[in-house]
Amino acid sequence: MPKNETAPRNPVLQPVRGTHDILAPDFRRHRAVVETARCVAARYGYAEMSMPVFEFTEVFQRTLGETSDIVSKEMYTFADRSGDSLTLRPEATAGVARAFLSNGLTQDLPLKVFCQGPMFRYERPQKGRLRQFHQIDVELLGVAEPLGDVEIIALGADVLDALGLKDKVTLELNTLGDRESRLAYRSTLVDYLGDHATRLSSDSRARLERNPLRILDSKDEGDRAIIADAPAISDSLNDSSRRIFEDLCAGLDAAGVAYRLNPRLVRGLDYYCHAAFEFTTEELGAQGTVLAGGRYDGLIEQMGGQPTPGTGWAAGVERLAMLIAAPPEEPRPIAVVPVGEDQEEQALAIALRLRRAGFTVDLGYSGKVGKRMKRANKLNACRAVVLGSEEAARRAAMVRDMDTGEQVEVPLDCLETHLAHLR
Ligand code: ATP
Ligand code: MG
């Protein structure tokens, strides 16, 4: 356990390491990312579903692979009170596949799913790397053709484009081929890396037998130098895998989606085959991957279902939220300000009436009129509807333009009409 995790702390006052509260200004960015993605995905026919944040541990353990980083060291796994082993979901795909099987959705193929929400991984926290983070995720089940991959990649590109990130991201593309091609590549790669084993990092050396493809994903400087000269998978592809990849590239060309081939790109989980891709940016330092995905044709079968092809991607909401321009401000509120306690009831009634009529309204809760006006200022209110005793007697209010200071008396019955342009 890293040293700073044992430091004395007040567990009631501190969030757990690697988790954070998303306060209102950040949440606007967060929401802009999710809502934009949801909206673009809907245009592609992807309907939103929501799966539980925890599943039986086997759902992840059996599918992601024992040697993946996630299963070997990142899962939040615990026994619940009845002794079942549960895991907080580290990613969405396995849960979508489980839901597909539990709900017998085989009649609904092809199934297009959009989902989003928190994911949990025990990682070393840093900028853009958290223990509770959020993903948006799309999955397409039941389409074996590369056209399915073209569609979900185009969807990813369109989401990033709609977020204003087109010029900040690059699509990197590779294929992992079918099982036969991967096995052939695996042995070529092990031969090559074996010759350099003594210079590999200890992590990579450990992977040499269990999961050599993962070494290509190593972030260790020394490893990277060795990997740079490693054989590429393209030389190990059999004919059918090669053709599938050519179709994918041709489809992306036809869709006008630009990409860069990256023969070292692999996905960290065992269930991937064929298409593998990542959208990366230079603007987030080491945590530069904003959206990543690929094809996982073996997954559903591995979980006990009929063979069902699948392809999809997930994107990190926090990383995207850091990249986008600030979303437009919320509408400025109208402040309803009772001058004194006697007008409070009437003020509340008017505030409610205006809210129900579609205005954004805040109420000056307490104190002298000056304090209530100060609060209206702090909230950046565009108008204050001031209720004094004299105006009240005439069933009217003073409406003050908070920018110019101009005020006019408006009959209470006419407030909605007078303020209509602010709705
Ligand atoms: P990395 O290589 O950065 O660890 P990964 O391959 O583990 O990424 P995926 O499982 O592909 O990531 O997750 C998809 C996306 O979710 C990532 O591209 C990233 O944007 C985001 N993501 C993954 N892990 C985290 C995390 N711990 N904190 C914040 N975002 C994350
Ligand atoms: Mg990771």
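Does anyone have the angle between helix 179-195 and the longest principal axis of the chain? Alpha-carbon axes, 0 to 90°, nearest 10? Taking Cα atoms only, the helix is inclined about 80 degrees.
For region 240-396, what does the relative contact order come out to in percent, with C-alpha contacts under 8 Å and a separation of six or more?
Numbers: 196 pairs, mean separation 24.7, N = 157.
Here the relative contact order equals 16 percent.
Each Cα pair under 8 Å and six or more residues apart adds its separation to the average, and for region 24-101 the resulting relative contact order is 29 percent.
Can you tell me the orientation of helix 24-43 relative to the chain, as the angle in degrees between its alpha-carbon axis and the longest Cα principal axis, to the nearest 10? Result, in degrees: 60.
For the pair region 301-369 / region 100-155, the C-alpha centres are spaced 27 Å from each other. Lysine pair count for the chain (Cα-Cα distance under 30 Å; residues 8 or more apart in sequence or on different chains): 13. Taking every alpha-carbon pair under 8 Å whose residues sit at least 6 apart, the chain reaches a relative contact order of 15 percent. Its Cα centre serving as origin, region 334-422 has a Cβ charge dipole (Lys and Arg +1, Asp and Glu -1) of approximately 360 debye. Seen from all directions on average, region 50-162 presents a Cα convex hull projection of 8.8 nm².
Need one number: the % of Cα-Cα pairs in region 334-422 sitting beyond the 19 Å mark.
27 percent
Helical content alone sets the calculated 222 nm signal of the chain at -10500 deg cm²/dmol, taking -39,500 (n - 2.57) per DSSP H segment of four or more residues and averaging over every residue.
Residues considered: Ala349, Ala24, Ala184. Largest GNM mean-square fluctuation over the chain, using C-alpha springs under 10 Å, is found at Ala349. Can you give me the % of accessible surface on region 306-405 that is carbon or sulfur? Probe 1.4 Å, all protein chains present, nothing else counted. Whole-percent figure for carbon plus sulfur exposure: 52. Measuring how big the chain is from its alpha-carbon positions, Rg and Dmax come out at 27.8, 93 Å. Solvent-accessible surface of the chain, taken per residue with a 1.4 Å probe and all protein chains present: 51 Å². Relative to the dominant Cα principal axis of the chain, helix 146-162 is inclined by about 30°. Inter-label distance, Val53 to Asp239: 5.2 nm, where each label sits 7 Å from its Cα along the C-beta direction.
Work out the FRET efficiency for Leu101 and Arg355 from their Cβ-Cβ distance, taking R0 = 60 Å, and round it to the nearest 0.05. Efficiency, rounded to the nearest 0.05: 0.85.
The largest accessible area among Met322, Met119, Met373 belongs to the first residue in Met322, Met373, Met119, and the rest follow in falling order (1.4 Å probe, all chains). Suppose R0 equals 22 Å. What FRET efficiency, 1/(1 + (r/R0)^6) with r the Cβ-Cβ distance, do Glu221 and Tyr122 give to the nearest 0.05? Calculated transfer efficiency: 0.35.
Rounded to 0.05, the FRET efficiency of the Leu13 and Asp401 pair, given R0 = 45 Å and the Cβ-Cβ distance, is 0.55.
Mind listing which chymotrypsin sites (Phe, Trp or Tyr not before Pro) in region 82-179 are in a DSSP loop and have 16 or fewer other Cβ atoms within 10 Å?
In loop regions of region 82-179 (DSSP not H, G, I, E or B), the sparsely surrounded chymotrypsin sites (Phe, Trp or Tyr not before Pro) are Tyr122.
The values are calculated or read from the model by the stated rules, or taken from the named source; none is laboratory data. Note that the structure is a prediction, hence the values are computed from the model and not measured. Here Cβ is always computed from backbone atoms with ideal geometry, including for glycine, and neighbour counts include all displayed protein chains. Side chains included, ligands, DNA and RNA excluded: accessible areas come from the protein's heavy atoms. Shrake-Rupley method; radii C 1.70, N 1.55, O 1.52, S 1.80 Å.
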